[in-house]
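The values are calculated or read from the model by the stated rules, or taken from the named source; none is laboratory data. Note that the coordinates shown come from a computational prediction; the quantities given were computed from them, not determined experimentally. Here the Cβ is made from the backbone with ideal geometry for all residues, glycine too, and neighbour counts use every protein chain on show. With ligands, DNA and RNA removed, areas are computed over all heavy atoms of the protein, side chains included. Shrake-Rupley method; radii C 1.70, N 1.55, O 1.52, S 1.80 Å.
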Amino acid sequence: MADVRIYVPGDAAAVSVGADTVAKRIQQEVARQKIDIQIIRNGSRGMFWLEPLVEVETPEGRVAYGPITENDVAGLFDAKFWSGGDHPLFHGPTEEIPYFAKQERLTFARCGVIDPLSLDDYEANGGLIGLRRALKMSPAAIVDDVTQSGLRGRGGAGFPTGIKWKTALNTPGDEKYICCNADEGDSGTFADRMLMEGDPFSLIEGMIIAGRAVGAEIGYIYLRSEYPHAIDVMRSAIDVCKATGLLGDSVDGSGDAFHVYVRVGAGAYICGEESSMLESLEGKRGQVKVKPPIPAISGLFGKPTIVNNVLSLATVPVILAEGADHYKDFGMGRSRGTQPFQLAGDIARGGLVEKAFGITLRELVEEFGGGTHSGKPIRAVQAGGPLGAYIPQTEFDVAMDYEALADAGAMLGHGGIVVFNDTVDMARQARFAMEFCEIESCGKCTPCRIGAVRGKETLDKIIAGEDRTENLAILEDLCDLMVDGSLCAMGGLTPMPVRSAVKYFPEDFGG
Amino acid sequence: MVVILNNLDDEPIHRICGEHGRRPDELIEILHTVQKEHGYLTDAALRTIAEALNISRAEIHGVVSFYHDFYRAQPARHILKICRAEACQAVGSDDLAAYAERKFATTMGDKGAGGQIGIEAVYCLGNCALGPAMLIDGKLHGRVTPERLDILAETDLSSGEARNG
């Protein structure tokens, strides 16, 4: 084994700003200087403003250098960075960087730490403890643990995971399925992608546990085509698990079978809606279906099916390993555990912040995020993706949990937080919400399909200054209709960004 | 009039369908693979897939037309997919898109128009902390300013090599 281990993230975001080139340059320099160094392509630590973040393992722990461009590599070698030498881009121990040190990482505990495709690394860092415990438990006991932990669906709906599992467990079926929703289409979110690229085994472990809990032997990961890196890593991780017997006819020698397949989406936002996703998994148009029946009773191919988000499933192993109480002790009210928040848009320190529920939006945006990247003042934040509310600075003290946000007329969604500076035109953002709904509507129900088009047209009139008062009344009426009459959250929540923009920023609508 | 539906071109499509067990639920996977190998989905290819999976051409048309990823005509040699979603809007992706349209003298969303460079909108590439983001022939780039796009155009778009986005 090499004397020194150096980490250069292979995460797509790090690669998008040059991590591959940096890794290649370090490799060349290592060969030229004949130093005994092993380069590991880890996931990202989630501090994207420092990417590419190069880490070196020293006797005192891992130290960080970043953001490193290919032009910095020669200087790093001059500074003897392989022994933790000082350099203008040196940040000291990675885990003491305040942004990282202040987090509570449970779901993302291994992301950026390990080699994503090394099962040995995974096990050495707490992996498989949860699964091995689950394999000795009855299905009902596993479901009970998950219920007790208070884990709720991290995709956005926040439905209690344990209750969903219990329904599927108690529904008889010759076949059952575990479907992982990895169609992370919300703008401002990247936690699923980061986790799949940085710690894919945790998702697989969570799916196996879910399979054992409800009696399913087949799992599908519905992964969006916009994430080619994540697709590659997930597929490779499944191959590793198959080769080592973690997946297959006898999971870890238990006699229980479990198989996982990746299915690639085809560029439809709506396929993140669970019934639409199941249609797509069956090879059909991703059209929303009327509920009931709920998937836990009749889902994929008409069989009992668990549909869970990547983060929900990847959190299950730590719950089983550390116990439900350990997880439940984080959070507040009915929002238990931690939430991976994602700071995006015009933000100085964009990235992933896993914290217990209850942190305020202001702490996230100002303390962690450090204000805007452009240096301009913040005007608004959109929380919860394209269907989430626009929130002005005056409301930033809202606590980030499911209930507090709902009370404030907003939502947590998948935990995305997009920051806009003072150049944003909120009427244009409201119009975009309608336009996005028009583009991505599955077309099944009229309020969404037609409502979005009429909403966009009405906003065009408002922007043009045409009968503003009257058109704002029409818009409000249309929003009511979309909320009340749409089949799913696409049409039902599109009014949220529109109404919040009108409410908090009336000056942009001629008010 | 005799119409010959089967010809030698069918063979690779039948092979791909066979690799997916001729299962209708694998239709989208099959369409991805066929498109990757042939650039776009021809009428003949869809007819062969319908035959192999024993489903109607209408059903396949329904699926192909539903999803944004599929091309029914020859796409451009190089494809730029610019993120137009909120997080990238917040850091200037609209200006970047307008710049790219002017630079390459093409209109966004003109799918399957052939030519050298095509520009498409995409809604989120999961690179929201390092926007504006774009894919160039499937490769992700972050913090893409007009100046950076000029450099990328030199390095990534100057070759004549045909690739799929």
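Quick check on my filter: what residues within the range A:392-407 are aromatic (Phe, Trp, Tyr) and either more than 19 Å from A:Phe420 (Cα to Cα) or crowded, with 17+ Cβ neighbours inside 10 Å (or both)?
First, pick out the residues of the range A:392-407 that are aromatic (Phe, Trp, Tyr): A:396, A:402.
The answer is A:Tyr402, and nothing else.
Return the residue satisfying two criteria in turn: it lies in the range A:189-227 and is of a type outside the set (A, V, I, L, M) and free of Cβ contacts under 8 Å to residues at least 60 places away in the same chain, and of such residues it is most open to solvent (accessible area, probe 1.4 Å). Step through it out loud before you land on a result.
Of the range A:189-227, the ones of a type outside the set (A, V, I, L, M) are A:189-190, A:192-193, A:197-202, A:205-206, A:211-212, A:215, A:217, A:219-220, A:222, A:224-227.
Add one more test, that the residue is free of Cβ contacts under 8 Å to residues at least 60 places away in the same chain, and what stays is A:211, A:217, A:219, A:222, A:224-226.
On the way: A:Gly211: 2, A:Glu217: 105, A:Gly219: 0, A:Tyr222: 6, A:Arg224: 9, A:Ser225: 31, A:Glu226: 28 Å².
Among residues in the range A:189-227 that are of a type outside the set (A, V, I, L, M) and free of Cβ contacts under 8 Å to residues at least 60 places away in the same chain, the one most open to solvent (accessible area, probe 1.4 Å) is A:Glu217.
Assigned to a helix (DSSP H, G or I) and of a type in the set (D, E, K, R) - does that describe any residue in the range A:176-195?
Within the range A:176-195, the subset assigned to a helix (DSSP H, G or I) is A:191-195.
If we keep only those that are of a type in the set (D, E, K, R) too, we end up with A:192-193.
Yes: one or more hits.
Within the range B:103-157, how many residues are closer than 19 Å to A:Ser225 by Cα and among the acidic types (Asp, Glu)?
2
If I ask for residues that are assigned to a loop (DSSP other than H, G, I, E, B) and touching a strand residue (DSSP E or B) at 6+ places or on another chain (Cβ under 9 Å), which ones from the range B:70-101 would you list?
In the first step, residues of the range B:70-101 are kept if they are assigned to a loop (DSSP other than H, G, I, E, B); the result is B:70-77, B:84-85, B:90-92.
Hits for the range B:70-101 are B:Pro75, B:Ala76, B:Arg77, B:Arg84, B:Ala85, B:Ala90, B:Val91.
For A:Val424, are the conditions met, namely being surrounded by fewer than 17 Cβ atoms within 10 Å (Cβ to Cβ) and of a type outside the set (S, T, N, Q)?
Working: surrounded by fewer than 17 Cβ atoms within 10 Å (Cβ to Cβ): no; of a type outside the set (S, T, N, Q): yes.
No; evaluated as a whole, the condition is false for this residue.
With respect to A:Phe301, determine if the residue is farther than 30 Å from B:Lys81 by Cβ, out of contact with any Cys (no Cβ under 8 Å at 6 or more places or on another chain) and within 14 Å of another protein chain (Cβ to nearest Cβ). Spell out the reasoning first.
Numbers: farther than 30 Å from B:Lys81 by Cβ: yes; out of contact with any Cys (no Cβ under 8 Å at 6 or more places or on another chain): yes; within 14 Å of another protein chain (Cβ to nearest Cβ): yes.
Answer is yes for this residue.
Among the residues of the range B:138-160 satisfying the criterion of being at pLDDT 95 or above, more than 8 Å from every other protein chain (Cβ to nearest Cβ) and in a loop (DSSP other than H, G, I, E, B), which is surrounded by the fewest Cβ atoms within 10 Å (Cβ to Cβ)?
It comes out as B:Thr145.
Do you know which of the residues in the range B:60-82 that are touching a residue at least 12 places away in the same chain (Cβ under 8 Å) and over 30 Å from B:Ala153 (Cα atoms) is nearest to the chain's Cα centre (by Cα)?
B:Val64
Which of (1) surrounded by 22 or more Cβ atoms within 10 Å (Cβ to Cβ); (2) closer than 18 Å to A:Ala314 by Cα does A:Tyr261 not meet, given it meets every other one?
Of the numbered conditions (1) surrounded by 22 or more Cβ atoms within 10 Å (Cβ to Cβ); (2) closer than 18 Å to A:Ala314 by Cα, the odd one out for A:Tyr261 is (1).
Restrict the check to the range A:489-498 and report whether at least one residue is open to solvent by 60 Å² or more (accessible area, probe 1.4 Å) and touching a residue at least 12 places away in the same chain (Cβ under 8 Å).
So in the range A:489-498, the residues open to solvent by 60 Å² or more (accessible area, probe 1.4 Å) come out as none.
No - not one qualifying residue is present in the range A:489-498.
Got a number for residues in the range A:293-350 being in a helix (DSSP H, G or I), out of contact with any Asp or Glu (no Cβ under 8 Å at 6 or more places or on another chain) and surrounded by fewer than 24 Cβ atoms within 10 Å (Cβ to Cβ)? Before the answer, list the steps.
Here is the first cut: in the range A:293-350, the ones in a helix (DSSP H, G or I) are A:300-302, A:310-322, A:324-328.
Remaining after also requiring out of contact with any Asp or Glu (no Cβ under 8 Å at 6 or more places or on another chain): A:302, A:312-313, A:315, A:318, A:321-322, A:325-328.
Those still in the list that are surrounded by fewer than 24 Cβ atoms within 10 Å (Cβ to Cβ) too: A:302, A:321-322, A:325-326, A:328.
Of the residues in that region, 6 qualify.
From the list A:Gly61, A:Gly46, exactly one residue is exposed (fewer than 15 other Cβ atoms within 10 Å of the Cβ), small (Gly, Ala, Ser) and in contact (Cβ under 8 Å) with a residue 24 or more places away in the chain. Which is it?
Numbers: A:Gly46 fails: exposed (fewer than 15 other Cβ atoms within 10 Å of the Cβ).
Testing whether each residue is exposed (fewer than 15 other Cβ atoms within 10 Å of the Cβ), small (Gly, Ala, Ser) and in contact (Cβ under 8 Å) with a residue 24 or more places away in the chain leaves just A:Gly61.
Looking only at the range A:427-449, filter to residues that are open to solvent by 70 Å² or more (accessible area, probe 1.4 Å) and part of a helix (DSSP H, G or I); which one of those is farthest from A:Val290 (Cα to Cα)?
We begin by selecting, within the range A:427-449, every residue open to solvent by 70 Å² or more (accessible area, probe 1.4 Å); these are A:428, A:444, A:446, A:449.
Filter once more, so that each one left must be part of a helix (DSSP H, G or I): A:428, A:446, A:449.
Numbers: A:Arg428: 32, A:Thr446: 14, A:Arg449: 16 Å.
Taking the candidates together, the pick is A:Arg428.
Residue-wise test of (1) over 25 Å from A:Ser441 (Cβ atoms); (2) surrounded by fewer than 22 Cβ atoms within 10 Å (Cβ to Cβ).
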{"position": "B:Ile30", "(1), (2)": "yes, no"}
{"position": "B:Asp43", "(1), (2)": "yes, yes"}
{"position": "B:Ile49", "(1), (2)": "yes, no"}
{"position": "B:Leu53", "(1), (2)": "yes, yes"}
{"position": "B:Phe70", "(1), (2)": "no, yes"}
{"position": "B:Leu80", "(1), (2)": "yes, no"}
{"position": "B:Gln89", "(1), (2)": "no, no"}
{"position": "B:Phe104", "(1), (2)": "yes, yes"}
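Inside the range B:40-87, can you point out the residues that are among the polar types (S, T, N, Q) and more than 13 Å from every other protein chain (Cβ to nearest Cβ)? First the steps, then the outcome.
To start, the set of residues in the range B:40-87 that are among the polar types (S, T, N, Q) comprises B:42, B:48, B:54, B:56, B:65, B:74.
Once the filter is applied, which keeps residues that are among the polar types (S, T, N, Q) and more than 13 Å from every other protein chain (Cβ to nearest Cβ), the range B:40-87 yields B:Thr42, B:Thr48, B:Gln74.
Considering only the range A:156-172, state which residues are open to solvent by less than 40 Å² (accessible area, probe 1.4 Å) and assigned to a loop (DSSP other than H, G, I, E, B).
So in the range A:156-172, the residues open to solvent by less than 40 Å² (accessible area, probe 1.4 Å) come out as A:156, A:158, A:161-162, A:165, A:168, A:171.
Of everything in the range A:156-172, those that are open to solvent by less than 40 Å² (accessible area, probe 1.4 Å) and assigned to a loop (DSSP other than H, G, I, E, B) turn out to be A:Gly156, A:Gly158, A:Thr171.
Name the residues in the range A:89-112 that are open to solvent by 30 Å² or more (accessible area, probe 1.4 Å), in contact (Cβ under 8 Å) with a residue 60 or more places away in the chain and of a type in the set (A, V, I, L, M, F, W, C), would you?
The one that is open to solvent by 30 Å² or more (accessible area, probe 1.4 Å), in contact (Cβ under 8 Å) with a residue 60 or more places away in the chain and of a type in the set (A, V, I, L, M, F, W, C): A:Ala109.
Could you list, in sequence order, all residues of the range A:329-358 that are in contact with a helix residue (DSSP H, G or I) (Cβ under 6 Å, 6 or more places away or on another chain) and aromatic (Phe, Trp, Tyr)?
Residue satisfying the conditions is A:Phe341 alone.
Does A:Lys136 satisfy the criteria of being open to solvent by 20 Å² or more (accessible area, probe 1.4 Å) and in contact (Cβ under 8 Å) with a residue 12 or more places away in the chain? Working first, answer last.
On the way: open to solvent by 20 Å² or more (accessible area, probe 1.4 Å): yes; in contact (Cβ under 8 Å) with a residue 12 or more places away in the chain: no.
Answer is no for this residue.
Looking at A:Val240, A:Val260, A:Val233, can you tell me which residue is touching a strand residue (DSSP E or B) at 6+ places or on another chain (Cβ under 6 Å) and either farther than 30 Å from A:Gly492 by Cα or within 11 Å of chain B (Cβ to nearest Cβ) (or both)? Quick ask: steps written out before the conclusion?
Values: A:Val240 fails: touching a strand residue (DSSP E or B) at 6+ places or on another chain (Cβ under 6 Å); A:Val233 fails: touching a strand residue (DSSP E or B) at 6+ places or on another chain (Cβ under 6 Å).
Of the residues listed, the single one that is touching a strand residue (DSSP E or B) at 6+ places or on another chain (Cβ under 6 Å) and either farther than 30 Å from A:Gly492 by Cα or within 11 Å of chain B (Cβ to nearest Cβ) (or both) is A:Val260.
Can you tell me which residue is nearest to the chain's Cα centre (by Cα) among those in the range A:323-351 that are more than 14 Å from chain B (Cβ to nearest Cβ) and on the phi > 0 side of the Ramachandran plot?
Looking only at the range A:323-351, we keep the residues that are more than 14 Å from chain B (Cβ to nearest Cβ), and these are A:323-339.
With the extra rule that they be on the phi > 0 side of the Ramachandran plot, the set shrinks to A:323, A:331, A:333, A:337.
On the way: A:Gly323: 23, A:Gly331: 18, A:Gly333: 22, A:Gly337: 15 Å.
If we take residues in the range A:323-351 being more than 14 Å from chain B (Cβ to nearest Cβ) and on the phi > 0 side of the Ramachandran plot, then A:Gly337 is nearest to the chain's Cα centre (by Cα).
In the list A:Asp86, A:Asp20, A:Asp11, which residue meets the criterion of being over 25 Å from A:Arg193 (Cα atoms) and either out of contact with any Pro (no Cβ under 8 Å at 6 or more places or on another chain) or open to solvent by 50 Å² or more (accessible area, probe 1.4 Å) (or both)?
Values: A:Asp20 fails: over 25 Å from A:Arg193 (Cα atoms); A:Asp11 fails: over 25 Å from A:Arg193 (Cα atoms).
Unique residue meeting the criteria: A:Asp86.
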